[in-house]
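Below is one structure, written out as structure tokens; the observations come after it.
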Amino acid sequence: MVVVVVVGGALLATLSGCGHHASRAWRWTSGPRPSSAADIRRFRVRGGETCSHAGRVLGYTAFGHEGSCGDDACDYLGYVCGQHPGGLKSNSSGGSYYTYEDDLCVRGPRQAAWRIVFH
């Protein structure tokens, strides 16, 4: 009986340790705001991605790929990036514009996300 409890306890500790490590790898980590003319907010990464590398991906997908990815996903260096506009607001000429866009780029476990805010 004691052997079963010891083996079961060791197995539980091993599994929970792995689970804790995996949850750390998938937790969002905030990165510093990348240098750009746009107001970048909530810039964050997870899955082993780094803020500096994600900043280079952001520079292409948000500003270098014909302006942005738009509603359709775009691919860059194996990343699939999507853009989700929101916050529709009217302007003085009767048109409208989005006050922000949420972007997400994914390549396997690596993910980067950010919000571009328009004023």
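The values are calculated or read from the model by the stated rules, or taken from the named source; none is laboratory data. This structure is a prediction, so every number in the text was calculated from the model and none was measured. Don't worry about glycine lacking a Cβ; one is built from the backbone with ideal geometry, like all the others, and counts go over all protein chains shown. What goes into the accessible areas is simple: the full protein's heavy atoms, side chains included, and nothing from ligands, DNA or RNA. Shrake-Rupley method; radii C 1.70, N 1.55, O 1.52, S 1.80 Å.
Could you look at the stretch 36-119 and say what percent of its accessible area is carbon and sulfur, using a 1.4 Å probe and all protein chains?
49
Checking the a/c ratio against 1.5 first, then a/b against b/c, what shape does the Cα gyration tensor give for the stretch 40-95? Prolate. For the pair Leu88 and Asp102, label points projected 7 Å from Cα toward Cβ lie 1.7 nm apart. Accessible area per residue (1.4 Å probe, heavy atoms of protein chains only) ranks Thr61, Thr29, Thr99 as Thr29, Thr99, Thr61, with the largest value leading. For Phe63, the solvent-accessible surface computed with a 1.4 Å probe is close to 90 Å², ligands and nucleic acids excluded. Estimated at the nearest 10 Å², the accessible area of Ser96 is 70 Å² with a 1.4 Å probe.
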